[in-house]
Every structure is written in C-alpha cells, then in structure tokens.
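Taking it in order: structure first as structure tokens, then the write-up.
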Amino acid sequence: MADRIDPLPADALYTRCDPAIFPFETTAELTQPNEVLGQTRALRALAFGIDMRGDGYNLFVLGRPGSHQLEIVREFLERRVERPDSARDWVYLNNFDDERRPAAASLAPGRAIRFKHDMAQLTDDLRVAIPAAFDSEHFRNKVSEIDRDFEERQRVWGQAIESEANENGLSLAPTPQGFVMAPLRDGQILSDQQFEALPADDRQRIRETMASLSERLRRHVEEMPQWHKERRERIRSLQREVTDSVVVQPIEAMKVTYGDETTLARYLDAVREDVLANSQLFQASEERESPFAMSLQMQLRRYQVNVLVDHSTAATVPIVYESNPSVQNMLGRTEYVAQFGALVTDFTLIRPGALHRANGGYLIVDAQRLLVEPYAWQALKRALFAREIRMESLGQLMSLVSTASLEPDAIPLDVKVILIGERQVYYLLAAFDPDFGDLFKVSADFEDRIDRSVENSQHYGAQIASIARREKLRPFNRAAVARVVEHGARVLGDAGKLTTRLRDITDLLRESDYFCTQAGAPTVDVAHVERAITERISRLDRLRGEMQDEVLRHSVLIDTAGGVIGQVNGLSVIQLGEFAFGRPSRITATVRIGQGEIVDIERETELGGPIHTKGVLILSSYLAARYCHRQPLSLRASLVFEQSYGGVEGDSASVAETCALLSALSNIAISQRFAVTGSVNQRGDVQVIGGANEKIEGFFDLCKARGLDGNGVLIPYDNVQHLMLRADVVDAVRRGEFFVYGIRTIDEAIELLTGLPAGVRDANGAYPPDSVNGAVERALTEFAAVRREYDARGAAKTSDKAAHAHGGDRDG
C-alpha cells in the first residue's frame, strides 16, 4: 500500500492576508498618488510606443475586459506628454473658385477661433461700411455724372440724326414703339395722297433718304445695349472702387495680423476680390428679399470660418477617446439643411471626426467596437497609410450615393493610434490582416495577475486607497484592505496571485462603502467587505440553488454515502456571466469483453467537446500501458456523465472516469462520500485543473444540505496552492466534518476512494492479489482468455464450413 495520504489541514485551504503588513490604520493616511499596479512591462511598452517615431509605430493594448486599460492609458499619457509647439488648429474656408471643394488651412494653436471672430467682425463691419459708402454724396454724384454722360450721348446722337432728317425734308419723331419718319413740305407732314402726288424723282429721293436714316436708326438700336453695358461697367467699376476703398484697409490689417500664415494671406486676397464682385450682398435688406431667395445671412456664410480643431484651451497634446468609432465619427461628416424642400450643404456644415480632434496627438479606440463598424477599420487603415484625413461618407465608400456633395481638401495626419482590445482580437488581426503588422508595431500586454508577495499586497493597499479617493469612498481600515486582498486572490482562483482586473476590485470597494453607509460607520471594516461579497453571490446564485434542490429531491441522482461499483462523483464548474459555481455529476462506467474499445458516450452523442474526448483517449492509453502488457486489451467499456443533457468539455473529469473504470473492472465499490476532480496523463499522474475552489464548495454545499458524514473532495496536489475556500468550508475541515485531499497519482485516488491498496508490481512483475490493480489485471486477463477461446471457436467453425463447402464442390 502507498504511503498514507492525509487530508489537508484547514490552514492550507485559505491563505490569509495579515493586516499588520499595512503601514496605516486606514487608507485615508495614504495621500501620495499610486503607480499602476503590476504593469511595469506594459507601461514600458507604452513609453516606447509614445516616444518612437516613424511610420507604423502605433500601439495595441492587450488585456482582459475590466482591467481599466483605458483609464490607465489616459492617465499615463496625461502625465507623460506635453503640448508641443507644432500643434496646429485646423479650419475649412470657402473656395471661391469652386465652392464644392472647401479649402483646409492650418493655424498656430489658438488662432483659429481668433481668425473666425475676426472674419465675422469683418463681415459685420462691411455690412455697415459698404452701404454707407454707396449712400455717400460722392458716390451719388459719380453715378449722376455717369448717367448725365449717357444721357448727353443719347441727346447728341438724337439731335444729329434729327437735323439730317430735317435737311432732307423728313420729320423724325420718337414714339413708344420707336422712331417714326414722314416727308415734310413747308413744315407740314405730307399725307399718303400728297406724297403720291409728288414727282417721281422726289418720291425716289425721299424713299432713299428714309431708307438710309432707317438703317442708321437700326444700327443705333443695336448699339444701345453696348451703350448700357458701358454705363453699367462704369458704375460697376465705380462700385468696385468705392467698395475697395472700404475693404482694403481692414483686409490689409488682417493680412498683417496673419501674415505668417501663407494660406490665410492668399485667402484674404480671395475674400477681397469676392467682396468687390459681390458688393450687392452687403447692400441687401432682408426685408426686401424675395421669399424664394436665400436669406442674407445664408449668402454671407461664404465669408465664415469653419473651425474644425481648436487648441486654444488645450494644456497638452490632444488625447481623444472615441467610444463610437463609426466611419463618420472617425473621418468627420458633412451635414445638410433643408431649404424649400431640398437638402443643401456648404463648407460651414463640415464636422470634424476623431482623427481631426486627435491630429498631432493620440487617438484611443476600442478595437472590437472599431471592427464591428462597417468600413471603419478600412477607413482608419487608409488614413494611416496615406497620412491624411480624406472625408468620405459611408455611402461614398460603398458607392451607393451618386449625388453631388462637397469634396473638402484632405488634411495631413500626424497621430498615434492606440487600440485597446482583448488578446484574441490582437492575435486574430495579426494572423489574418496583412496590414496590421505594418501599422501597429508596438503591443502593450497588460498583466492579468501579479505575485501575492508582501510588497505587492502593500501596493494593492495603496491601489485601494487611490480608488477610494477617486471614487469618493469612505476610508478602508487595515482589516478591510486585507480582506480585499484575499478576495483579489479568490477572484483568480489562486492563493499565490492577485488580480489586476481593477473593475472587480473597484466594484467591491463601492459595494462595501454602500453597506458601510447603511450601517452608519465612518470607516469601512472587514464586516462590510464580507457583506458586499455575500450579497453579490446572493444576487447571482438562483440557478445554483435550483440545481442543488433538484439533487436533494432526487430528480438528479447524486449519492453522498455508501459505495457503488463503477460509479464516482465528478465535479464541474458552470460559468454564468460573472458568477461561477461547482456542480457534482455522477460518472458511471460499464465493462464487458471486447476488442480494447473505450466508448465515450458523450462523444458518440456529440455532447462531448474535443478536450473531453482527448481526456478519454489518454485514459485509454493509460489503461493499455498499465495492465496486461503481454496480451491484447480485451474489453469494451463505456463511460458517461449521467443525466447530462448539455455539452461536456474539458479533461478535469478524466481522473474520475479512470477511477470509475478501474472500479468496474476490479468489481470493487467506490465510496460515494467523496467527489473527484483532476486530469490524468498517460503515466497516471494527476494534473492541475481549473475552478478547484468552486468545485470543492459545490460538493460541500450538497453534503452539508444532507448532513456532513465524513465527506470530502480529491483534487490534484498541485491545485492546493490555488485554494481560497469559503470560511464555512474551512471551518468544517477544521472540525473534522469535511476533508480535502491532494492527490498526485491515480493510485492515490483509487486507494482513497476504495479504502484498499492500489498495489505495486513485485519483482516478478505481478500486482498483489488483494490490491485494486491486481483485481483489475485479473479481470483483464480473464477477458483476454475468454476472447481467445471465443476467437478459437469462431475460427474452428469457419474452417468446418470451408471444408464442407470444398468437399461439396469436389463431389459435384
């Protein structure tokens, strides 16, 4: 028999945190800011990614959800970066040559808003100054002079042609329908009869003269539009001259103010030319406008400045987090307004995206949210490769929109993009997107856990103090902090580690503070932390209670007393959201003579996952390697999770399945007072599994409900270091009412479950006859002998039939 296996002592089931290690009475005494807990490697990677220049040195921050990577990255950036002199504001301006293509311009930090205000002031000033100039006596006199010149030219021409007509005996008189000519005699207009009575030569001469004058009149009529045009040009030139006299000084003053901005100097020259060409806009009165025309304010928007990015109040470079990274929210968008039943837009309706706001700084985006937005990932990659922001709507990207829209100038892009996501997202992108490695060359992998040393526990306490200050919670005393540290180990299911998933810790601190407030206490104590933990479990464990009730009512069959051949209590873990609990399961095995097959019923019914199937195959290999080396394995066995109607995955039941199979072969009963968990390798070694705490507690709860009777759980010995069991389980172990064993091999497991020695081969290679292994090998030997006898009888019958058939052929 192997060395006696003693149950684990109560102190091995829960590793306490000594409150005395904390150098404070309450967290209120800790006032210094705390560094990020256990993320030295990740922060080093962040620092490298921030400082490294060159194409593609963007960052991907890896970690589990709830690790507060966003807050950590933001705080790290805010502490590390400063506002550089190269930061630029960005504006969109009207392109007077092609209003469909607004012009982008960059300005020194803070000057965009100032320039916008100056342009608005210039427009307001011109709305007053230009009408005043046109209403001046000088302008009216100049217009009157032009009108007089035009009228004088008309009068002189009219006198000349009238004199010529009179000299030729003709009357020329203007009418509303034009000029009328008629022959004269002695100052009187001749009637038709009088004209016909004139000599033929006179009539011919008069007709020729009238035709000549009519031609001159026709040419004059044709020249009149040109005369009017010349008049309008002179008036327009006068208007430009007057307008320019008003505009030139403020425009030149603005060019002096913004003279160092080359783009603005050119823009101001274009504004001056446009004002000179459209001075009537500044003379219009909104009351006199047609209801079908654009309002004066809309027309004057051509001189506005659309500020996309303003750094006037920024203390650092931009640090932008985009929570909804759609294409429009990343690249910007153009809005539309309804006017008289139509949607119209202009450059003032261009809105910036996250890339605009983060330009020159840092853009933080949740990777998974980015990837699920249509075309957003492709749009971001395109912008990073081109190093420019080209505004495109989703309809344009998908080629669904053919209507005319704005095509704003692209804006040069200089940004560090920081994606935050789970490791699976990172590795999938790295594997399947060839562009990913070129664009995101730096990964910052956040730790999920840290060692539970005294030093790290003290850092944990400082982190708790920092969270309490940030969340405005009551101070936590040392005992409460120690309990939170213990919970940080329990969350991981590892007594030697602490979780760095700050969401879990922050939630626990908030809830502990709530119960402290309910109790009216000034400081959070260990009792408030305990209640917060208990209440959270109570809110989540409805299904656990229902499952246990089904066992207690015998709807689900689980034995916790007596002994049964080929039956063992296995343990599994059910994860429901943030809550996990253990669930006992009955595992049974049957055996008979066969050809060495072990049938996994779960696999055959497609309820078993690949890892569970692997565990059964390893069990089969262990059995073949351990017994009957000189004869074939001649059994057919079946294994099943009884009353399992869902999927079974994982190999943590392979120790229990092996024990059930050995029990069925040896015909030795297994004590149902115990439950077993652990995986087995081909050598029979018991290996670590997950969820040890929940599995032990799940079986304990069932046994406690029925009345503890020396029940216990067998776990892999290497899982002992992970134990952080509930206080009621530890107390039951301390009282000797419940037991936890750490096992290293299948032999140790079978000895505890059967109460018999497993057995070790002697010098002759035989197991002791009174051992479990001896009984197993005897059974397999008997199976092999029966199979040989069966095969021999079958071969003899086949031979007789063949001989009979051969003889019959010969006789025939």
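The values are calculated or read from the model by the stated rules, or taken from the named source; none is laboratory data. Computed from a prediction, not measured in an experiment: that's the story for all the values here. Note: ideal-geometry Cβ built from the backbone for every residue, glycine included; neighbour counts use all protein chains shown. The protein model used for the area step is the full one, side chains on, heavy atoms only, and it has no ligands, DNA or RNA in it. Shrake-Rupley method; radii C 1.70, N 1.55, O 1.52, S 1.80 Å.
The table below gives the values:
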item	result
Residue, surrounded by the most Cβ atoms within 10 Å (Cβ to Cβ), within segment 104-127, restricted to residues that are small (Gly, Ala, Ser) and in a helix (DSSP H, G or I)	Ala112
Hey, Asp89 among the charged types (D, E, K, R) and open to solvent by less than 20 Å² (accessible area, probe 1.4 Å) or not	yes
Any hit, segment 89-100, residues being of a type in the set (A, V, I, L, M, F, W, C), under 30 Å from Leu419 (Cα atoms), within 34 Å of the chain's Cα centre (by Cα) and part of a loop (DSSP other than H, G, I, E, B)	no
Residues being over 29 Å from Leu753 (Cβ atoms) and either crowded, with 19+ Cβ neighbours inside 10 Å or touching a strand residue (DSSP E or B) at 6+ places or on another chain (Cβ under 8 Å) (or both) - total across segment 768-795	1
Count of segment 693-725 residues which are part of a helix (DSSP H, G or I), under 15 Å from Leu492 (Cβ atoms) and open to solvent by less than 10 Å² (accessible area, probe 1.4 Å)	2
Segment 759-774, subset within 13 Å of Arg626 (Cβ to Cβ) and either assigned to a helix (DSSP H, G or I) or of a type in the set (Asp, Glu) (or both), residue farthest from the chain's Cα centre (by Cα)	Gly774
Candidate set from segment 249-271 (those that are part of a helix (DSSP H, G or I) and charged (D, E, K, R)); member that is surrounded by the most Cβ atoms within 10 Å (Cβ to Cβ)	Lys255
Test: residue in segment 641-649 that is crowded, with 19+ Cβ neighbours inside 10 Å, touching an Asp or Glu at 6+ places or on another chain (Cβ under 6 Å) and more than 21 Å from Thr677 (Cα to Cα)	no
Tally of residues being in a loop (DSSP other than H, G, I, E, B) and within 20 Å of the chain's Cα centre (by Cα) across segment 306-341	6
Yes/no for Asp559 being modelled with pLDDT of 85 or more, part of a loop (DSSP other than H, G, I, E, B) and of a type in the set (D, E, K, R)	yes
Flag if Phe22 is at negative phi, aromatic (Phe, Trp, Tyr) and open to solvent by less than 20 Å² (accessible area, probe 1.4 Å)	yes
Subset of segment 505-525 (residues that are open to solvent by 50 Å² or more (accessible area, probe 1.4 Å) and closer than 18 Å to Ala465 by Cβ)	Arg510, Pro522, Asp525
Test set (1) without any contact (Cβ under 8 Å) to a residue 40 or more places away in the chain; (2) open to solvent by 20 Å² or more (accessible area, probe 1.4 Å) - His528 fails condition number	(1)
Among residues of segment 726-739, those that are more than 22 Å from Thr754 (Cβ to Cβ), open to solvent by 10 Å² or more (accessible area, probe 1.4 Å) and hydrophobic (A, V, I, L, M, F, W, C), counted	2
Checklist (1) over 32 Å from the mean Cα position of the chain (by Cα); (2) modelled with pLDDT of 90 or more; (3) outside any loop (DSSP other than H, G, I, E, B) applied to Ile130, failing item	(2)
